[in-house]
Every structure is written in C-alpha cells, then in structure tokens.
Amino acid sequence: MMSDSATDADVMRLGQPVVADPAWVEAAPPGVEREDIARVIISAERIATRVRALGEIITRAYAPLVVDSRLALVITLRGAAVFAADLARAINLPVELDFISAASYGDSAMTSGSVRLLKDLETNIEGRHVLIIEDILDSGLTLEKLVETLEVRNPASLRVCALLDKGKPFPLRTYPQALAFTGFLIPDEFVVGYGLDYAQRYRNLPYVGILKPDVYMRAESE
Ligand code: PRP
C-alpha cells in the first residue's frame, strides 16, 4: 500500500514496469490452445497482482485531479479490452470508459509500419483528464498515432497505462510523464493471451505466453 503522503515521485517510481524475470517462465497450464504456447512468461496470478498495484497507483495519481469530474479511460480495441476490464475495477475513482481502435498489424505477426484509425471516441475529451489504456507497446507506432489524434483535442492531461512494454526506443519515451504507468517489461518475443492475439486467436488465455513460431510461420506460408 502507498501511504497517504505518496508524492509524484512515488507515483512515477511505482508506475515503472516490473521486469519479467526469466525465472518466471513456465509451461502453459492445462487449458485451451496450450499446445500453441511455447511458454508462459506472466501467469494469471502475477497479472492480477500487478493490475491491482497499477489501479492503486492510478487512484493515488488522479484523486486530486478528478475531484469534480471523472477520469476518462480510453481503451484501445481490441487488445486492451481484457486488461482494461480488470484495471478499471482496480481504480477507486469515478471513471468513464470509451473505446478507440487503431490497427497496425492486421493478421500478420509483424507490424505493417502504418497505423489506421478504425474507430474514434464518442466522448468529447476537451478539458478532461485522459488515460489511454494499451495492452502492449512494441514499435510505439500505435501509441504515437493515438497521442497525435487525441492531444489536439486539448485534454487537461493525456497519459498512458500499458500492461506490457518491450522497451524499444520511440519518441514518446522522451515524455516520461506520458508513459507513467506500465505493468511489465518483457523480452522482444511474439506474445499472446490476456487480450493479445495472433490472427484474432488466443485473446482469452488468462496468462501472457510466447507463441510457438511454427504457428505463425505455418500460417504465413499457406
Ligand atoms: C497491437 C496492440 C497494440 C499495438 C502495439 O494492436 O494491441 O495496440 O499492436 O504495437 P506497436 O507498438 O508496434 O504499434 P493491433 O494493431 O494488433 O490490434 P488489436 O489490439 O486489435 O490486436
């Protein structure tokens, strides 16, 4: 638990990602599609613990800011839906939920390099405190597109909460206040589960696991 006297510096420190330790790696537990998962890197239990901590940090950070309003949670479809459903319930503040969709991958395992806005918000975010909820930061292109799209609408603040971060360089990292809340720093592997997909599969796995390369190599050679 953070004390009541938690400072901005405490919030920034606690929002830094937990490094996914190679010692955590384990075999996929019994369940659907386990034969396609090379190994689990973050178990359902570790996700739940970190999501509760993120909810607490976000609550502390925004409590003084949303006294007469509601925190606007901008959930990026589709990958962040599972994380956002748990995170929203771990935030002890009035919130609103809205959804935005910007796709970069299509059904491929590789980023296409271009990001398209598929669905916009229904909420007017001018003057609002806005927290974008992302499942994963990989190349950072999706996030750059979202921030570029939203910041011109003059929100009171615009920050990001991402469950997973591969730690790759991209320009937004020079604004650490924007990337204030991150769950786990993970290796540069193709991960699925807890909302993340490959060709729309695996989103309902309760853990984050590394997909066996032969699954997508087989599919892409067909
Ligand atoms: C995935 C993921 C992030 C983005 C991260 O979305 O959900 O939004 O890619 O990659 P980047 O940092 O390289 O841009 P995707 O386009 O696959 O759509 P989805 O959320 O519907 O799976």
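Residues checked against (1) within 11 Å of the ligand (Cβ to nearest atom); (2) under 22 Å from Ile91 (Cβ atoms); (3) among the β-branched types (Val, Ile, Thr):
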residue: Asp138; (1), (2), (3): yes, no, no
residue: Ala162; (1), (2), (3): yes, yes, no
residue: Pro169; (1), (2), (3): no, no, no
residue: Pro176; (1), (2), (3): no, yes, no
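Residues in the range 169-179: is at least one within 24 Å of Ala20 (Cβ to Cβ) and crowded, with 21+ Cβ neighbours inside 10 Å? Yes, that holds for at least one residue.
Among the residues of the range 100-122, those that are modelled with pLDDT of 90 or more and either near the ligand (Cβ under 9 Å from one of its atoms) or out of contact with any Leu (no Cβ under 9 Å at 6 or more places or on another chain) (or both) comprise Ser101, Ala102, Leu118, Asp120, Glu122.
Which numbered condition trips up Pro30, out of (1) part of a loop (DSSP other than H, G, I, E, B); (2) out of contact with any strand residue (DSSP E or B) (no Cβ under 9 Å at 6 or more places or on another chain); (3) more than 21 Å from Gly195 (Cα to Cα)? Only one criterion is unmet by Pro30, namely (3). Counting the residues of the range 71-87 that are in contact (Cβ under 8 Å) with a residue 24 or more places away in the chain, away from the ligand (no atom under 11 Å from the Cβ) and surrounded by fewer than 19 Cβ atoms within 10 Å (Cβ to Cβ) gives 1.
Filtering the range 207-222 to residues that are under 16 Å from Arg39 (Cβ atoms) and loosely packed, with under 12 Cβ neighbours inside 10 Å leaves only Asp214. Glu134 versus (1) without any contact (Cβ under 8 Å) to a residue 24 or more places away in the chain; (2) touching a Leu at 6+ places or on another chain (Cβ under 9 Å); (3) within 16 Å of the ligand (Cβ to nearest atom): which is the lone unmet condition? The failed condition is (1). Taking the range 14-27 as the range and being in contact with a strand residue (DSSP E or B) (Cβ under 7 Å, 6 or more places away or on another chain), under 24 Å from Thr182 (Cα atoms) and not in a helix (DSSP H, G or I) as the test, the residues that pass are Gly15, Gln16, Pro17, Val18, Val19, Ala20, Val25, Glu26.
The values are calculated or read from the model by the stated rules, or taken from the named source; none is laboratory data. The model shown is predicted, which means the values in this text are computed figures rather than measured ones. Glycine gets a Cβ as well: all are built from the backbone with ideal geometry, and neighbour counts include every protein chain shown.
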